[in-house]
Amino acid sequence: GSDVGDDGGRAAEFEGSVFGAGFARVDVADKEPPAPLPFVALAPAQGRFDDGELPALLLSAHALKVTGAVEIVNDDGRTRTLFLEEGEPVFVESAIAGDRAEEVLLRGGFITAARHAELRAGPMMSARRMCARLVDDNLLKIDELFSAVRGVLTEQVLSLFEWPTGTFTFKEARAFAADRVRLGHPFAAIVA
């Protein structure tokens, strides 16, 4: 005997409540969220490196807590960009085939050759996004996620040290928040 939407006059007792319950008080901090890290540049902002100097340059950037991006160009024209936050690597951007996340995951034994071929045919993704996708597809265990993502970044950083000569240029740039990763080991230990 009642029309759809007819509440029998009970609407007043639930007015202003969510799902039949009252509003809970939410305390909001008076503080603003932390500001993004300011850019801290390398000095000089650009230059050349010779054999053995790139690790020293990156260790100096670490000690000086540089925030920004360092574009590193090998003398043969290959380019990688290392994004730093307070001297810590958080992301490597590269178009080099061996730097792709699926290549590193295959070498690390996290994915099969068949899955590698599927990922290789698809769009380029950051390690963090790719590993999250692999977890969603039940191809990577959730407890392997962090070691896989950090392993990709570690291998990408270590691959920078293979370049004997080239140039570097500091840029005021940030890695996209969804792509940033922290290394599993202290950066100074990785450089050593």
Query raised in the report: Which one of these does Phe168 not meet: (1) of a type outside the set (Val, Ile, Thr); (2) more than 13 Å from Arg100 (Cα to Cα); (3) open to solvent by less than 20 Å² (accessible area, probe 1.4 Å); (4) out of contact with any Asp or Glu (no Cβ under 9 Å at 6 or more places or on another chain)?
Result: (4)
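Every residue, every condition in (1) farther than 30 Å from Ala177 by Cα; (2) modelled with pLDDT of 90 or more; (3) aromatic (Phe, Trp, Tyr); (4) surrounded by 10 or more Cβ atoms within 10 Å (Cβ to Cβ), yes or no:
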position	(1), (2), (3), (4)
Ala41	no, no, no, yes
Ala45	no, no, no, yes
Asp50	yes, yes, no, no
Leu54	no, yes, no, yes
Val73	no, yes, no, yes
Report summary line: Checked the stretch 158-184 for anything of a type in the set (A, V, I, L, M) and either assigned to a helix (DSSP H, G or I) or in contact with a Leu (Cβ under 7 Å, 6 or more places away or on another chain) (or both); matches are Leu158, Leu160, Ala177, Ala178, Val181, Leu183
Report summary line: Glu155 meets each of (1) open to solvent by less than 30 Å² (accessible area, probe 1.4 Å); (2) part of a helix (DSSP H, G or I); (3) closer than 27 Å to Ala117 by Cα with one exception, condition (1)
Requested in this report: Scan the stretch 53-102 for residues that are out of contact with any helix residue (DSSP H, G or I) (no Cβ under 8 Å at 6 or more places or on another chain) and among the polar types (S, T, N, Q) and jot them down.
Outcome: Ser60, Thr67, Asn74, Thr79, Thr81
Query raised in the report: Restricting the search to the stretch 130-162, which residues are polar (S, T, N, Q) and free of Cβ contacts under 8 Å to residues at least 24 places away in the same chain?
Result: Asn138
Requested in this report: Restrict the check to the stretch 180-187 and report whether at least one residue is over 12 Å from the mean Cα position of the chain (by Cα), closer than 19 Å to Ala127 by Cβ, open to solvent by 20 Å² or more (accessible area, probe 1.4 Å) and modelled with pLDDT under 90.
Outcome: yes
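The values are calculated or read from the model by the stated rules, or taken from the named source; none is laboratory data. As the structure is a computational prediction, the values presented were derived from the model and not from experiment. For neighbour counting, all protein chains shown are included, and Cβ atoms are generated from backbone atoms with ideal geometry for every residue, glycine included. In case anyone asks, the SASA skips ligands and DNA or RNA and just uses the protein heavy atoms, side chains included. Shrake-Rupley method; radii C 1.70, N 1.55, O 1.52, S 1.80 Å.
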